[in-house]
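Written below as C-alpha cells is the structure these notes are about.
A short reminder: the numbers here are calculations on the coordinates, not readings from a lab. It should be emphasised that the depicted structure is a prediction, and the values quoted were computed from it without experimental measurement. In this analysis, Cβ positions are derived from the backbone assuming ideal geometry, glycine residues included, and neighbour counts consider all displayed protein chains.
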Amino acid sequence: MDAECALEIGQELNAIKVVSSSLSKLGKKIVVQFMLFDVENNRTILTDNVVSENIDDLEMVIKRISISIARETPIEKSAEVGAIVKNEEKSLTRRQAKGFAGFSFGYLFPTEGYDGNTEESFTADFRTGYEITNTAVGALFAIRKGFATNVYVSYLMTRKDICPYLGGALGFHWVNHDSGKRGDGFELTASTGLRLFRTYNFQVIINLDYIHTFNDFNDQAIVLTIGLLK
C-alpha cells in the first residue's frame, strides 16, 4: 500500500494516524516494511524496515515494530530487554563508543624543578580517545619542554553543551635539562576543564593540568591549553 492510499483510508475512517506494512520473502529471511502516517497533517512520520531471520523470529519483530510505532522512533532505537531480534544479537554484545581526536595549544608554567626557570613556555598536544557515556578515555602526545605521552581518563559531568570534567593521567615525560642528571620519568597528571558544544560534531576543549614528573629534578608544572576535538 502506498502513502497516498494509506492516507485516503485514514481520512475515510477519520483516523488521526494510520500504519501501512508489507512482508516480502528473501530466501529464508522475511523483510517487514512499515510506514506511519499523520492523517491530519497529511505527512509521513516514520518509514523503516526490519529483517526476521526466520518464522520463529517474526513474533519478536512484530513486537519491535509495535514499540517503534508507539514511540515514533526508528526500529534501531526500540531495542530493549526481551525485544532483541537475532540479527542484532552479535552487534549488541559489543558496546559502542564515540571516537574523537584533536589538537590543543597553550602554555606550561613551572612551579618546581625545570632548572629553577619559572618562565612560561609554549606547549602543544595531540589527543585521541573514546567517549563512553560520561567517561572519556584516551592517549595524549605533547611537546612540553621536551616530549610527553600519557593515558588519561576524564569524568564528564553533564551531557549538555557546557560540560565540566575532572580526570587524571599516567605516562612518561622526557624533560629537556641543561645538566647531565636524569630528565625523564613517570608522570602523574590531575586534570580539570570544560568541553564546549558537546552535543555537536565538534567540541572546544579548555584544559588545565597539574603535572608531576618523577625525575631527578622533581619537575612540576601547571599546563593551560585550548583546542578543538572532532
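Quick look at the numbers
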item: About the Cα centre, charge dipole magnitude for the range 98-229 (Lys/Arg +1, Asp/Glu -1 at Cβ), debye; result: 680 debye
item: 0 to 90° range, to nearest 10: angle between helix 3-12 axis and the chain longest Cα axis; result: 60 degrees
item: Dipole of the chain [Lys/Arg +1, Asp/Glu -1 at C-beta], most positive-end residue of Asn54, Phe109, Ile205; result: Asn54
item: Highest to lowest packing among 65-71, 196-202, 23-29, 136-142, scored as the average C-beta count within 10 Å; result: 136-142, 65-71, 196-202, 23-29
item: The chain - Rg (one decimal) and Dmax (whole number), Cα, Å; result: 27.5, 90
item: Vicinal HN-Hα couplings computed from phi for the range 51-63 (Karplus, 6.51 cos²θ - 1.76 cosθ + 1.60; Hz; Gly/Pro x); result: 9, 9, 5, 7, 4, 4, 7, 5, 4, 5, 4, 4, 5
item: For the chain, size of Cβ-based charge dipole, Lys and Arg +1, Asp and Glu -1, in debye; result: 340 debye
item: Of the trypsin sites (Lys or Arg not before Pro) in the range 139-180, those whose Cβ has at most 14 other Cβ within 10 Å and which sit in DSSP loop; result: Arg159, Lys160
item: Estimated FRET transfer efficiency (Thr158, Ala15; beta-carbon r; R0 41 Å; 0.05); result: 0.50
item: Volume per residue that the Cα convex hull of the range 121-223 spans, once the total is divided by residue count, Å³; result: 81 Å³
item: Chain lengthening between Val204 and Leu26 when straightened (0.36 nm per residue, less Cα-Cα); result: 59.3 nm
